[in-house]
Amino acid sequence: MFWTDRIGSEIEKHFDAVIKSGKPLVIRDEKTASGRVHVGSMRGVAIHGMIDEVLKEKGIFHKFLYEINDYDPMDGLPVYLDENKFREHMGKPLCNVPSPDAIATNYAEYFASEFMQVITDTGFYPEFYRSSELYKSGKYNEAIRLALDNADKIREIYKRISGSVRADDWLALSVVCEQCGKVGTTKARNWDGETVEYTCGDFVKWATGCGKQGRISPFDGRAKLPWKVEWAAKFKIIGVHVEGGGKDHSTKGGAREVADTIAREVFGVEPPFNIPYEFFQVGGKKMSSSKGAGSSSREIADLLPAELFRFLLIYKEPMKVLEFDPAGDTVPILFDNYDTYAKKYFGGVKDDFTRAFYLSHKPEDQGNITERHLPRFSTVAFISQMPHLDPVKEIEKLQEITLTDEDKKELLHRITYVQKWIAEFAPEEYKFEIKKEVPESAKNFSDIQKQALTLLVEFIEANQSIEGQAFHTKLHEIKESLQIEPKEFFSAIYLSILGKSSGPKAGWFLSVLDREFLIKRFKEVV
């Protein structure tokens, strides 16, 4: 059973009473809008989005909520922003920091809008909301009061679960300073049931306080909870039933266990059904949400067709690491894997692979998945770099088929994305350019390499038109007659034309090049 269906069934069984009561199950996920959102954050979106889709298939009443966390303090400055412009805002709630482009409502909305667009472009449709809305509307007031009334209990939970020790006067609260507007630079103490005393000072390395001291009511958006307590509070305020998180949060003594314990023992609610998931690694590195390192969700979403991006996000179990390197060979491999799953699906096979292929399409497209020819990525990569070739005619000749309108649409669709990948990320072995002059690398061939190329020229001269299969057969005849190593022979062909030692399938490669050019080039080389 594919993981989406297995987990969906577990949720259905776990919440049987809630479902029968007619109340909606609530699925929730979130992201802090502190900068361009890395593609790693899309894994959580996809996992929760898949559960949303599976529950819809089951006819289970539910909501899929996605929080844009815009009330956290600005505690880091992305490298792509002007430090001089934003340094003074460090420590303020993200929703109170000006937008980098002076067009968006605020800093958080500037980055959130791009990420929300990626989410919907990929075919996931949650109901978005902002954490600042909950605070300012008073939705957190009860949780804040409970957290302050139970400050001793929260300190004890931190120590018991994670070994973290808080000072005896520590309160689970950060006040928004009345003078400078910063929330990351304040310390609260001395809760009297209605107000807290606070100081705005230099308590963190990344922001400077203004020195203000005073007392303030912590309600209606004038303060916020620390994130582990806030996480637990969300379970209560929103009534969350299903919420997963990265595996680092779900370890023994980790943030999820702290939040779950606070939810039970302070807020009196049962924590949501958890779906721990592994990291999404780009170039072998875990994606974080800070400092602009790595690949953004927008960049990767633009690099791949939506169905391939969804496929990447969902085809592995949640607890399997997703490895992706746009500058490596993972994009061609991803297309090949997708095509393998597609072949089984169109062949009528019903298994986990074909379920993954089906779900890789947007919900609105799942009822109209048409069988079509899926040209090999590496083949499209070569054809798209040969301006003298007609892609449709070459695929038809190579595959010995006649492309339908749907096939042609798919081919052109792939060419668009292949060309983008080649231009921005592709390693050298996927880049092909016919050299106008004999490359330096082709001027020092061995005698046996020159003999092989001489025989090849004689074959070309003796035939006005040569198909790829005929070239293929002749190449192997020459190889056998001279007893030349395949690598030595084929590298001589590629080096003569491309200036590199490898290339597409040699027979087909030679068949698509101009006959006179080949004769001239190989004669120049030998």
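When residue 417 is tested against the conditions (1) open to solvent by less than 30 Å² (accessible area, probe 1.4 Å); (2) part of a helix (DSSP H, G or I); (3) within 30 Å of residue 326 (Cβ to Cβ); (4) touching a residue at least 40 places away in the same chain (Cβ under 8 Å), the lone failure is (1). Output the residue which, of all residues in region 347-393 that are of a type in the set (A, V, I, L, M) and assigned to a loop (DSSP other than H, G, I, E, B), is most open to solvent (accessible area, probe 1.4 Å). The selected residue is 349. Name the one entry in 44, 49 that is at negative phi, in a helix (DSSP H, G or I), modelled with pLDDT of 95 or more and in contact with a Ser or Thr (Cβ under 9 Å, 6 or more places away or on another chain). After ruling out the rest, the residue left standing is 49. Inside region 428-442, residues that are outside any helix (DSSP H, G or I) and in contact (Cβ under 8 Å) with a residue 60 or more places away in the chain make up a count of 6. Restricting attention to region 111-134 and to residues that are in contact (Cβ under 8 Å) with a residue 40 or more places away in the chain and hydroxyl-bearing (Ser, Thr, Tyr), the residue that is farthest from residue 43 (Cα to Cα) turns out to be 132. Selection of region 205-221 for residues being surrounded by 16 or more Cβ atoms within 10 Å (Cβ to Cβ), in contact (Cβ under 8 Å) with a residue 40 or more places away in the chain, out of contact with any helix residue (DSSP H, G or I) (no Cβ under 6 Å at 6 or more places or on another chain) and not polar (S, T, N, Q) yields 207, 209, 216. One residue stands out in region 282-340 among those that are hydroxyl-bearing (Ser, Thr, Tyr) and open to solvent by less than 10 Å² (accessible area, probe 1.4 Å): the one that is modelled with the lowest pLDDT, namely 296.
For region 144-162, a residue qualifies if it is touching a Ser or Thr at 6+ places or on another chain (Cβ under 7 Å) and either of a type in the set (A, V, I, L, M, F, W, C) or at pLDDT below 95 (or both), and the qualifying residues are 157, 161. The set of residues from region 178-202 being among the polar types (S, T, N, Q), open to solvent by 50 Å² or more (accessible area, probe 1.4 Å) and more than 22 Å from residue 70 (Cα to Cα) comprises just one member, 190.
When restricted to residues that are assigned to a strand (DSSP E or B) and hydroxyl-bearing (Ser, Thr, Tyr), region 20-41 contains 1. The residue that is most open to solvent (accessible area, probe 1.4 Å), counting only those in region 71-100 that are closer than 20 Å to residue 113 by Cα and in a helix (DSSP H, G or I), is 96. Remark: pairs (first residue in region 294-305, closer than 18 Å to residue 33 by Cβ and part of a loop (DSSP other than H, G, I, E, B); second residue among the aliphatic types (A, V, I, L, M) and at pLDDT below 90; Cβ separation under 6 Å; 6+ apart in sequence or on different chains) = 294/282; 294/287; 295/282. Within region 486-507, residues that are farther than 19 Å from residue 378 by Cα have Cβ atoms under 7 Å from residues that are open to solvent by 20 Å² or more (accessible area, probe 1.4 Å) and β-branched (Val, Ile, Thr) in no pair, counting only partners at least 6 apart in sequence or on another chain.
Every residue, every condition in (1) at pLDDT 95 or above; (2) in a loop (DSSP other than H, G, I, E, B); (3) surrounded by 17 or more Cβ atoms within 10 Å (Cβ to Cβ), yes or no:
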site: 395; (1), (2), (3): no, no, yes
site: 413; (1), (2), (3): yes, no, no
site: 423; (1), (2), (3): no, no, no
site: 426; (1), (2), (3): no, yes, yes
site: 444; (1), (2), (3): no, yes, no
site: 452; (1), (2), (3): yes, no, yes
site: 487; (1), (2), (3): no, no, no
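If you check 56, 31, 13 for being under 26 Å from the mean Cα position of the chain (by Cα), surrounded by fewer than 19 Cβ atoms within 10 Å (Cβ to Cβ) and at pLDDT 95 or above, only one passes: 56. Residues in region 324-334 that are in contact (Cβ under 8 Å) with a residue 60 or more places away in the chain and in a helix (DSSP H, G or I): 331, 332. For region 381-394, the count of residues that are free of Cβ contacts under 8 Å to residues at least 60 places away in the same chain and under 27 Å from the mean Cα position of the chain (by Cα) is at least one.
Only residues that are acidic (Asp, Glu) and either farther than 22 Å from residue 203 by Cβ or at pLDDT below 95 (or both) were counted in region 86-105, giving 1.
In region 228-254, of all residues being modelled with pLDDT under 95 and in contact with a Ser or Thr (Cβ under 9 Å, 6 or more places away or on another chain), the one that is surrounded by the most Cβ atoms within 10 Å (Cβ to Cβ) corresponds to 254.
The values are calculated or read from the model by the stated rules, or taken from the named source; none is laboratory data. Just so we're clear, the structure is a prediction, and the values are computed from it rather than from any experiment. Here the Cβ is made from the backbone with ideal geometry for all residues, glycine too, and neighbour counts use every protein chain on show. SASA here: full protein model, heavy atoms, side chains in, ligands and nucleic acids out. Shrake-Rupley method; radii C 1.70, N 1.55, O 1.52, S 1.80 Å.
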